[in-house]
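The values are calculated or read from the model by the stated rules, or taken from the named source; none is laboratory data. Note that this is a predicted model, so its numbers are computed, not measured. Quick reminder, even Gly has a Cβ in these numbers, built from the backbone with ideal geometry, and neighbours come from all protein chains shown. Ligands, DNA and RNA are excluded from the accessible area calculation, which covers all protein heavy atoms including side chains. Shrake-Rupley method; radii C 1.70, N 1.55, O 1.52, S 1.80 Å.
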Amino acid sequence: LIRIYEVRNAIHLHAELKKVLSGTMDYMESFNFWDVAISSAAGKTGEWQELGFEDAQSYADAFKQELADFNQKMTGFQTNVETGEISTINMPNLGINLTDLTTYQAEIVSVTSSLGLCTSVSKDASKALSMLAADMSSLRNIDLKTVMTNFQSGLIGQSRALYKYGIDITNATLQTYAYKYGIDKAVSEMTQAEKMQLRLLAILDQSEVAWGNLADTIEQPANQFRVLKNGIKNLGITIGKILMPMVSTTLPYLNAMVRALQVFAEWVAKIAGVKLNVDIYLAAIGTEN
């Protein structure tokens with residue numbers, strides 16, 4: 001019984017360790033996406049020249065640092081924008097999961113810059129929609145990742161994704177916003193970039209009821225529970241960063257060992273006169289080639 005108990009604990013520890021490392025790797029991939037998205041956006045226009053930067057990379061670095069400073073208020077982590085290394089800061093924050101927030105911002109920057117919006121608009125959109133998603137999640141008691149997905153879908157014109165939040169971004173409504181801001185051009189004749197800017201204005205304007213809700217209700221049980229869950233995930237990232245160097249050193253050897261075993265198995269099969277047919281194996285387990 002003692003042996004069974006030890007094995008069970010070992011399996012549980014392995015599962016938890018795997019979860020921690022997966023969380024850390026997810027963050028690292030998210031940071032890489034964030035880093036590439038911002039660098040790409042900053043290099044697409046000549047806006048850096050107008051703002052007095054030496055080159056596009058300097059502008060991108062300033063963009064990243066501004067978002068990193070913003071994110072520390074949302075997550076409680078300061079990010080080194082050059083390496084992705086994170087450190088805990090001793091200041092009030094909203095307890096948002098760092099990986100989710102970083103990925104969301106990268107997606108917003110990517111979709112706005114891909115349509116030709118200037119980098120400053122991409123930056124402001126990512127910050128505004130980050131705050132709004134957190135506030136709407138708190139107000140409507142909906143999972144933050146779901147809200148983020150819905151807002152991103154709405155930004156590219158999928159109006160149904162925003163109906164549940166009482167937000168209307170149909171062309172008729174966008175035309176109203178166009179007139180409100182002194183734009184006489186018909187929505188049907190606008191570019192995708194122009195319509196996206198109107199959608200952003202409509203989303204922010206019609207979500208006013210949610211503004212600041214998370215900060216105002218952060219002490220309520222539902223939000224404290226969210227903060228706890230995200231805190232545990234963020235803690236896992238920190239622990240995983242400590243273990244990652246060891247894992248990075250070990251993985252190449254494990255991959256080499258697996259490859260050696262594969263070669264050995266193929267050699268044994270050849271000696272035994274067994275022909276390995278991958279297509280037959282895939283068909284046997286019901287997997288399409």
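Any residue at all in region 42-62 that is open to solvent by less than 70 Å² (accessible area, probe 1.4 Å), within 26 Å of Arg226 (Cα to Cα) and either in a helix (DSSP H, G or I) or modelled with pLDDT of 85 or more (or both)?
no
For region 177-213, how many residues meet the condition of being at positive phi and in contact (Cβ under 8 Å) with a residue 24 or more places away in the chain? Full working, then the answer.
Just the residues of region 177-213 that are at positive phi, to begin with: 182, 212.
Checking the rest, the ones that are also in contact (Cβ under 8 Å) with a residue 24 or more places away in the chain come to 212.
Of the residues in that region, 1 qualify.
Taking Gln197, is it open to solvent by 40 Å² or more (accessible area, probe 1.4 Å), in a helix (DSSP H, G or I), within 29 Å of Ala42 (Cα to Cα) and at pLDDT below 95? Outline the logic, then answer.
Details: open to solvent by 40 Å² or more (accessible area, probe 1.4 Å): yes; in a helix (DSSP H, G or I): yes; within 29 Å of Ala42 (Cα to Cα): yes; at pLDDT below 95: yes.
Judged against the criteria, Gln197 is a match.
Cβ-Cβ distance below 8 Å, separation of 6 or more or different chains: which pairs start in region 164-176 with a residue that is touching a residue at least 40 places away in the same chain (Cβ under 8 Å) and end on one that is charged (D, E, K, R) and surrounded by fewer than 17 Cβ atoms within 10 Å (Cβ to Cβ)?
From residues that are touching a residue at least 40 places away in the same chain (Cβ under 8 Å), the pairs are Tyr165/Arg140.
Right, Asp205: over 20 Å from the mean Cα position of the chain (by Cα) and in a helix (DSSP H, G or I) or not?
Values: over 20 Å from the mean Cα position of the chain (by Cα): yes; in a helix (DSSP H, G or I): yes.
In short, yes.
Quick grid of which residues meet (1) hydrophobic (A, V, I, L, M, F, W, C); (2) open to solvent by 20 Å² or more (accessible area, probe 1.4 Å); (3) at pLDDT below 90:
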residue: Glu66; (1), (2), (3): no, yes, no
residue: Thr83; (1), (2), (3): no, yes, yes
residue: Ile89; (1), (2), (3): yes, yes, yes
residue: Gly95; (1), (2), (3): no, no, yes
residue: Thr102; (1), (2), (3): no, no, no
residue: Glu107; (1), (2), (3): no, yes, no
residue: Thr112; (1), (2), (3): no, no, no
residue: Ser126; (1), (2), (3): no, no, no
residue: Ala133; (1), (2), (3): yes, no, no
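Quick one: which residue in Glu47, Glu66, Glu85 is touching a residue at least 12 places away in the same chain (Cβ under 8 Å), within 16 Å of Ser126 (Cα to Cα) and of a type in the set (Asp, Glu)?
On the way: Glu47 fails: within 16 Å of Ser126 (Cα to Cα); Glu85 fails: within 16 Å of Ser126 (Cα to Cα).
Result: Glu66 is the single residue among Glu47, Glu66, Glu85 that is touching a residue at least 12 places away in the same chain (Cβ under 8 Å), within 16 Å of Ser126 (Cα to Cα) and of a type in the set (Asp, Glu).
Can you find a residue in region 195-217 that is β-branched (Val, Ile, Thr) and closer than 20 Å to Leu94 by Cα?
Applying the first criterion (β-branched (Val, Ile, Thr)) to region 195-217 yields 203, 209, 217.
Subset that is closer than 20 Å to Leu94 by Cα: 209, 217.
Checked region 195-217: at least one residue is β-branched (Val, Ile, Thr) and closer than 20 Å to Leu94 by Cα.
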